[in-house]
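These notes concern the structure reproduced below.
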Amino acid sequence: MSCRLRLLVLAVFLLPVLGAASLPATPNTDDPALEARLNHLAEDLRCVVCQNESLAESRASLALDLREEIREMMRAGLTDDAVVESLVARYGDFVLYRPPVKPLTYVLWGGPLAFLLIGIALALATLHRRRTLRPQADVSPEALREAARLLRSDHSRHPGSPIASGTASRLSHQEER
Amino acid sequence: MIPELGQFAIALALALALMQGSIPLVGAHRGDSRLMALAKPLAQAQFALLVLAFAALAWSFLTHDFSVKNVAQNSFSQLPAVYRFTATWGSHEGSLLLWTVILAGWSAAVAVFSRQLPEEMVARVLGVMGLISVGFLALLLLTSSPFERLFPIPADGRDLNPLLQDLGMVSHPPLLYMGYVGFSVAFAFAIAALLSGRLDAAWARWSRPWTTTAWTFLTLGVGLGSWWAYRELGWGGWWFWDPTENASLMPWLAGTALIHALAATEKRGVFGNWSVLLAIATFSLSLLGTFLVRSGVLSSVHAFATDPTRGLFILIFLGLVVGGSLTLYALRAPRMMGGGSFGWFSRESLLLANNVFLIAALGAVLLGTLYPLFLDALGLGKISVGPPYFNAVFVPLVAPVLFLVGVGPLARWKQADLPDLMWRLKGAFAVALVTAALLPLTLDGMNLQVTLGVFLALWILFTVLKGFALRLQHHRGSRVRQLARLPRAFWGMQLAHAGLALLVVGVTIVSNYETERDVRMPIGSHLELAGHRFVFQGVEELPGPNYLAGRGTMDVTTPWGRSFTLYPEKRNYNASGMIMTQAAVNYGPFRDVYVSLGDPLGDGAWTVRVYHKPFVGWLWAGTLLLALGGGLAAADRRYRVALRRRSDPAPAPEPLRSITREGVA
Amino acid sequence: MRRWIPLLVFAVLGVFLYLGLYLNPKEVPSPLVGRPAPDFTLPVVGRPGETFSPSEVRGDVWLLNIWAPWCSVCLEEHRHLPRMVGGRVPVYGLTWKDLDREAAPLLARNGSPYVAAVDDHDGRVAIRYGVTVTPETFVIDRDGMIRMKHVGPITPVIWKSKFEPLLRELQL
């Protein structure tokens, strides 16, 4: 390849790159505000054909169509609530990732609070009983004697380590105190 | 031949599991040492056989034995060796085999590391684990044989699901299973305690290191799963509240509650019944997760190919294990309240509060995950419960736990001094609160979520430091040496709590301040995002081992003038024709830059998504720290007192102090 | 008594899990049942210049079958559909997103089970009908109301058990 040809090739390659370097990327939409509104709404909507993805995440063909449909509704001046309503009319509550509060979902929305209240009630009952319990040794003495015995007996199967034997007996002594 | 060997090994392992699940239990009941002594060799032999079976399957994958149905469906002649190996557990059958190998591995570990336990205890624990093994091996053999042959032999395989061809998938399932299955040890200890009627501090001390170790693996597994989703799903999300993710979060929450309850049981002999119940619940939730993922009752992005027969089998097994253990609990849990008294404000009462909130959060996740199923089963229609619900109910339930993390470790057992503690912590509280309130104002205005998250994180960090300071204040001499001498359990707790703080920072900041742009980029065009300048150099074709990639080149310059290049890809996998988006990520300590290719627009231009994710790495750093803390706590000296006798003639007083007064995690 | 509560909770959970095994999480009932079928006017596949609109068949009971040329299950269904229907009701087809224009030659070659198949090129009418998969079949009554939606292919068993009783009732 001659030198001049090489230069030409180089120029052809570089020119568009250098020439376009100042070109800013353009948003992938003609209406960024609408797109932002769409994406915000789509996060709480289920892609009905996918396994379990939101309309914002999914790249499934129907999800793309559905987003286009929502864009059109928004352009036509529908509010977010109206858009959601029209989707629910076609796909049912299944399309909503945030289930609406209604009698069927009272247990769903009230459950966590109920769990917490039950838990607090049980904990308070326990605390009350524990407070009125007569003071005892920290850990039941039998348990500690047993633990110490086990440590010793285990050691006795592996003779030749005076340190550990000392540790075990001092351990039991300390804990029985 | 090799696959048949694997099949035979599984059958033999099932026979051994049947023996392991019966003979030692009978021996423990009768007090017959010879029968009990069989438990250990049986567990070890079972492990060896299952490793052999696993190796046989891995061999079939590595050598492209497409006569094995599992290989034909989940591998491909062009699949790289590392993914051929990981494809071993890429299918339902293979992952179930991995599950049984790991279960046998835990049994073998119990057999090896239980020399200081009474023989009845070991026999019962291994017997219970043997019974669990029987269930899974039967499931494997009867409904999901990984070695089934195929005739005629296909010329090539259908390839591993491209989503699973990722580094995160190499270690995510094994770690996750180590966690799930590891809780079977805690479960077995609980059942053994119920059988023997010994629900005391000694029991808690024995089962604690096992529980903490399993929890550590589960933490890593869940974290890696999240990292995989972040890298592989192409839009940089890290948690979706998908049923499969919830299936791993629920045992994690129960396990976290369990390790805290066990701390009180070990130290003070309290909450014994509750700890047993939690141990049963934690493993039951692991099994429930298996059922949900493999039975098809819920639709999920990650679920395995499903089959109602398998689902029914797992459900029956679940019913036997959970129903049996809960019946045993109802019959045998001690009527007497063990342990001593404690006051309204004490370490015990704070641990109790921790458990209340964690279990309520667990209940919320369980309710949200199963609610669509409840309604459907009652014929009341179909609904979806997704991220908006879980975020709304989960955050208020765990925020109090995070606050308690700051208080609990500083409170004394039995009776703590609330005014004194408040006085000590007033500085930490004030500084954390003021910083957290001001921080969002310096960024883009008031934001209560950020304030709450940053406050909780700083609060935890300050109180962790306070914990170290209080430990050292009475000591003289070199601080470094004093720090090094603090018990590992204490270090483990502190690091895990600090990890939690990092996690909270990561979640809060990235959720509130991440920015993204969805743009059309002609070759040579540029884009500014969060001070970074991106220049698109076009997309070139690049053949991969089993796919054809369009590889984009994106030059990035940071606000500090450093430059690097990212190569996001769009891959078309040869065997399946599946198109995958492979995002390119530049990881940094304070931000990730994430580029993902969209679609070609002609003339070399492409749609491109660019994300700036501040502090997202702290999420996984926090997870690692949590796991590191768990590992340290499980390795505390006091669990190994009996094991260490040969090696370390250390001065005696130090470990004693750690046992009697301070060893808390 | 208190210690039996965990078992009780689990038993209830177990019953639901068992019932769940025999439910299909992907089968979603359509809220459109009992409501008027959305109207549209679309070109008929293979007959240039001709259009079809549901208002043209008002007063008749008819079926609307959603299909796509690349949907092999739909093509399988096409083979059995005429025999099952036996000409008792007119069947119209909605061709979902036939981007490659394969529908007309395909119907000409295999024989069309439809009175007419319309071309929903951009898939927007299918969205109005809440379509999630192909094939799906709607039963529409004399007043233009949707009376049933069936998801998935119609087999002879399903035809006998789900469609025939309803059609008998509607055509009386």
Whole-number percent relative contact order across segment A:32-95, with pairs defined as alpha carbons under 8 Å at least 6 apart = 29
request  = Take B:PHE345, C:PHE138 and order them by how many other Cβ atoms sit within 10 Å, fewest up front.
outcome  = B:PHE345, C:PHE138
ask   = So for chain B, taking the charge dipole from beta-carbon charges (+1 Lys/Arg, -1 Asp/Glu), which of B:LEU140, B:VAL322, B:ILE10 sits furthest toward the positive end?
value = B:VAL322
remark   = Scalar couplings 3J(HN,Hα) for segment C:122-134 by Karplus 6.51 cos²θ - 1.76 cosθ + 1.60 (θ = phi - 60°), nearest whole Hz, x for Gly and Pro, are 9, x, 7, 5, 4, 4, 5, 8, x, 6, 10, 9, 10
query = Any idea how far the Cα center of segment A:84-114 sits from the one of segment B:467-535, in Å?
reply = 37
key: Dipole of the protein assembly as shown [Lys/Arg +1, Asp/Glu -1 at C-beta], most positive-end residue of C:LEU13, B:LEU50, C:TRP159   = B:LEU50
message = Once each part is reduced to its C-alpha centroid, what is the distance from segment B:1-67 to segment C:136-172 in angstrom?
response = 55
query = What percent of all Cα-Cα pairs in segment A:68-131 falls in each 5 Å bin, counting up from 0?
reply = 4, 15, 14, 13, 11, 8, 8, 7, 6, 5, 4, 3, 2, 0
message = Could you derive backbone 3J(HN,Hα) for segment B:19-34 from the dihedral phi with the Karplus parameters 6.51, -1.76 and 1.60 (θ = phi - 60°), listing whole Hz in sequence and x where the residue is Gly or Pro?
response = 5, 4, x, 10, 4, x, 5, 4, x, 5, 5, 8, x, 9, 5, 5
inquiry  = Using amide H atoms built in the peptide plane, which far-off residues or other-chain residues are under 5 Å from B:SER346 H to H?
reply    = B:ALA416
key: Point-to-point label distance, B:GLU4-B:VAL112, nm (Cα→Cβ direction, 7 Å offset)   = 3.3
request  = Any of B:LYS267/B:LYS466; B:LYS382/C:LYS149; A:LYS102/C:LYS162 with alpha carbons more than 24 Å apart? Name them for me.
outcome  = A:LYS102/C:LYS162
key: C:THR51 long-range amide H proximity, modeled H, under 5 Å   = C:VAL44
query = Alpha carbon centre of segment B:560-592 versus segment C:23-74: separation in Å?
reply = 42
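Would you mind working out the magnitude of the charge dipole of the protein assembly as shown relative to its Cα centre, with +1 at each Lys and Arg C-beta and -1 at each Asp and Glu C-beta, to the nearest 20 Debye? Could the numbers behind the result be given before it?
Working: 91 positive and 75 negative charges, 1011 e Å.
For the protein assembly as shown, the charge dipole is close to 4860 debye.
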Translational D in µm²/s for chain B (Stokes-Einstein at 4 °C, 1.567 mPa s, Kirkwood Rh from C-alpha pairs) = 48
ask   = What ³J(HN,Hα) values, in whole Hz, does the Karplus curve 6.51 cos²θ - 1.76 cosθ + 1.60 give for segment B:278-288 when θ = phi - 60°, with x put for Gly and Pro?
value = 5, 4, 5, 5, 4, 5, 4, 5, 4, 5, 4
ask   = How do B:TRP227, B:TRP423 rank when sorted from fewest to most other Cβ atoms within 10 Å of their own Cβ?
value = B:TRP423, B:TRP227
task = Order these peptides, B:27-38, A:29-40, B:261-272, by their mean beta-carbon neighbour count within 10 angstrom, highest first.
result = B:261-272, B:27-38, A:29-40
query = What's log10 of I(q)/I(0) for the protein assembly as shown at q = 0.09 Å⁻¹, Debye sum over Cα points only, no solvent?
reply = -1.13
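Shielding of A:83-95 by partners, i.e. mean partner chain Cβ atoms within 10 Å per residue?
For peptide A:83-95, the averaged partner shielding equals 5.
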key: Sum of -39500 (n - 2.57) over DSSP H runs of 4+, divided by residues of the protein assembly as shown (222 nm, nearest 500)   = -19000 deg cm²/dmol
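When the Cα atoms of segment B:515-617 are enclosed in a convex hull and the volume is divided per residue, what value in Å³ results?
Enclosed volume per residue, from the Cα hull, is 101 Å³.
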inquiry  = Using the basic label-point model (7 angstrom from Cα toward the beta carbon), what is the A:THR26 to B:ASP32 distance in nanometres?
reply    = 8.5
inquiry  = Please rank C:CYS74, A:CYS47, fewest neighbouring Cβ atoms within 10 Å first, as an exposure proxy.
reply    = C:CYS74, A:CYS47
task = Work out the mean other chain Cβ neighbour count within 10 Å for the residues of B:631-638 and drop it here as an integer.
result = 0
Dipole moment magnitude, nearest 20 debye, segment C:109-172 about Cα centre, only Lys, Arg, Asp, Glu C-beta charged = 160
remark   = For B:TYR547, other-chain or 5+-apart residues with amide H closer than 5 Å (H placed, Pro excluded) are B:ASN574
ask   = Once the dipole of chain B is set up with Lys and Arg at +1 and Asp and Glu at -1 on Cβ about the Cα centre, which of B:GLY340, B:GLY550, B:GLY225 lies farthest towards its positive end?
value = B:GLY340
request  = Take peptides B:441-449, B:581-589 and line them up by average Cβ neighbours within 10 Å, highest first, as a rough protection proxy.
outcome  = B:581-589, B:441-449
Pairwise FRET efficiency - B:ILE579 versus B:ALA155, Cβ, R0 = 22 Å, nearest 0.05 = 0.40
Fraction in percent of alpha-carbon pairs per bin - 10 Å, segment B:584-638 = 21, 27, 22, 16, 9, 4, 1
inquiry  = About the Cα centre, and with charges only on the beta carbon of Lys, Arg (+1) and Asp, Glu (-1), how big is the dipole of chain B? Nearest 20 debye, please.
reply    = 2880
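Since every read-out is calculated from the coordinates, none of them should be taken as a lab result. Since we're looking at a predicted model, the values are computed, not measured. Positions of Cβ are generated from backbone atoms using ideal geometry, with glycine treated the same way; all protein chains shown enter the neighbour counts.
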